[in-house]
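The structure appears below as structure tokens.
The values are calculated or read from the model by the stated rules, or taken from the named source; none is laboratory data. Please read all numbers here as calculations on a predicted model, not as lab measurements. Cβ placement follows ideal geometry from the backbone for every residue including glycine, while neighbour counts extend to all protein chains displayed. Just the protein is used for accessible areas: all its heavy atoms, side chains included, with ligands, DNA and RNA removed. Shrake-Rupley method; radii C 1.70, N 1.55, O 1.52, S 1.80 Å.
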Amino acid sequence: MLIDKKYPNSGSKHPETSNNPGRYSLIRLWPLIVPGLFVLVLYSCSKEVTYVIRLENTLDAVRVDEPIVLAREVVDKVLGNQKSANIIRIKTPSGQMLPSQTDDLDQDGQWDELVFQYSFESNEIAEVILDINGQDDASNKHHPRAHAYLGYRPSREGEFKSIDYNVRPKDHEPQSWPYLYQFEGPGWESDLIAYRIYFDKRNGKDIFGKTKKGVFLDSIGLGENYHKLQPWGMDVLKVGNSLGAGSLAMYKKDSLYRLEQTKTATYQKLADGPVRAIIKLEFGGWQVDDTSYDVDEMITIWGGKRWYHDQVIVKDASKDTLVTGIVNMFDIVPIKSYMATSYRVLSSYGKQSENKDVLGMAILAPEEQFAGFGSAPKEGKGITQTDYIKLQSNTGSYQFYFYTGWELDDKKFADQGYFINRLKHEAVKLANPIQITY
């Protein structure tokens, strides 16, 4: 995965001018190993072991704030007799601590993934060090660049409280006032963009555009009209009866079925900054024609990114066609493209924001799951005003990325060519993940 520009906390320098011994020239000095396999490489004169991870950017392109995920089982193999500590950090060979976090994805009380971000020059090979002696002190505190939030007040009175888990009431109706949920449901954000889902039978996804960097979800919707421009930004999308910004549906017997009223719906926060945030949504009893499905949706967003990654599991599905889409209320002609030899992209670009300025949106789906494009009717019952992409999977596991570029976030997005180039850049990065070498 890639990024747009340098970020000061990355510590990255050009390899030809850096004094950092962990940086290497463009020459690849060692053969490739399967990504995720690490080796123990250095010993000090005191025989203290140093655990070094070597990362290679195989692209002739700068990659800023690149997400790196290390599975616990791999880290444990690297550490050998040293057991993974609850506090484990990432630092550069010069000693700079990088923002990182350990995430417990299955909620069993033990972390499953160690994650951080790193910025690379073109074709760069770099080293970082596993610090197993980390202390939970001020040096391990970093400004959050990703955040997940659900504000909730069970009595519909008083202040909203941040919660990590919630079962949606069966009788909860859309836009029922006073609000049960702050801004109508869960949100997830990077320091560049924010998204939300209406936690009711609509299950529509929406976008909060930002005019300045930061995490703001906790304060959005508290006595302000976020449909109008605020100091932080605004709600930039009108969703209506569409699939909004990556909502889910099923395509069956030539008909579209929205993920709407289900027997059960739950929210859970799995990770929350400083470098990534993850929420999990579980829907039980989704009726599609004569079949009932259970759906798990895990949504991830990283600092410095304008996209979110959606991993969807439809339990007991067998070659069923999942659909996700983009709202189209302004008769914009969608762009259907094939990028980086492995991603199908559906994009929409034009003056379509609630602020009446330029907004670009796109879905990037892996080629192996692509099953076609389509458009919903402009009016009528069910899903309308939507361009969509169809996905198929033999295992019931689907994934896609949803990307947004707004003119007031970055003036360069006023140029359609710039927006398309950013999409190509993201697709190339996704198709060429960072390699682990030694």
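Note on region 301-336: among residues that are over 25 Å from D65 (Cβ atoms) and of a type in the set (G, A, S), the one that is modelled with the lowest pLDDT is S318.
Number of residues in region 241-254 that are open to solvent by 50 Å² or more (accessible area, probe 1.4 Å) and either without any contact (Cβ under 8 Å) to a residue 60 or more places away in the chain or more than 19 Å from D296 (Cα to Cα) (or both) equals 3. Just one of (1) open to solvent by 30 Å² or more (accessible area, probe 1.4 Å); (2) part of a loop (DSSP other than H, G, I, E, B) fails for Y257. It is (2). Where residues in region 218-233 are under 18 Å from E354 (Cα atoms) and in contact (Cβ under 8 Å) with a residue 60 or more places away in the chain, which of them is surrounded by the most Cβ atoms within 10 Å (Cβ to Cβ)? That would be G233. Considering region 162-210, the residues that are of a type in the set (S, T, N, Q) and open to solvent by 50 Å² or more (accessible area, probe 1.4 Å) include one that is nearest to the chain's Cα centre (by Cα), namely S162.
Which of the following residues is open to solvent by less than 30 Å² (accessible area, probe 1.4 Å) and more than 24 Å from the chain's Cα centre (by Cα): A126, A146? Answer to the selection: A126.
Give the number of residues within region 89-127 that are among the aromatic types (F, W, Y), under 15 Å from H142 (Cβ atoms) and touching an Asp or Glu at 6+ places or on another chain (Cβ under 7 Å).
Residues in region 89-127 being among the aromatic types (F, W, Y), under 15 Å from H142 (Cβ atoms) and touching an Asp or Glu at 6+ places or on another chain (Cβ under 7 Å): 1 in total.
Per-residue answers, yes or no, for (1) within 20 Å of Y308 (Cβ to Cβ); (2) open to solvent by 10 Å² or more (accessible area, probe 1.4 Å); (3) not aromatic (F, W, Y):
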{"position": "G325", "(1), (2), (3)": "yes, no, yes"}
{"position": "M329", "(1), (2), (3)": "no, yes, yes"}
{"position": "Y343", "(1), (2), (3)": "yes, yes, no"}
{"position": "N355", "(1), (2), (3)": "no, yes, yes"}
{"position": "A362", "(1), (2), (3)": "yes, no, yes"}
{"position": "Q369", "(1), (2), (3)": "yes, yes, yes"}
{"position": "T386", "(1), (2), (3)": "yes, no, yes"}
{"position": "L391", "(1), (2), (3)": "yes, no, yes"}
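Evaluation of K141 against the conditions (1) modelled with pLDDT under 95; (2) open to solvent by less than 30 Å² (accessible area, probe 1.4 Å) shows that the sole unmet condition is (2). When region 289-326 is filtered for residues that are closer than 30 Å to D409 by Cα and among the acidic types (D, E), the ones remaining, listed by number, are E297, D310. Taking residues in region 280-302 that are buried (at least 20 other Cβ atoms within 10 Å of the Cβ), and partners anywhere that are outside any strand (DSSP E or B) and at pLDDT 95 or above, the pairs with Cβ atoms closer than 7 Å and at least 6 places apart or on different chains are F283/L259; F283/T262; W286/L259; W286/T262; V295/L259; W302/V275. Summed over region 293-324, the residues that are part of a strand (DSSP E or B) and of a type outside the set (A, V, I, L, M) give a count of 14.
Among the residues making up region 61-83, those that are in a loop (DSSP other than H, G, I, E, B) and surrounded by fewer than 18 Cβ atoms within 10 Å (Cβ to Cβ) are A61, G80, N81, Q82, K83. No other residue among A427, A340 is hydrophobic (A, V, I, L, M, F, W, C) and in contact with a helix residue (DSSP H, G or I) (Cβ under 6 Å, 6 or more places away or on another chain) apart from A340.
The rows are residues; the columns are (1) within 26 Å of A249 (Cβ to Cβ); (2) surrounded by 15 or more Cβ atoms within 10 Å (Cβ to Cβ); (3) basic (K, R).
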site	(1), (2), (3)
V358	no, yes, no
F402	yes, yes, no
K411	no, no, yes
V428	no, yes, no
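Looking at V236, V275, V215, just one residue is open to solvent by 20 Å² or more (accessible area, probe 1.4 Å) and of a type in the set (A, V, I, L, M), and that residue is V215.
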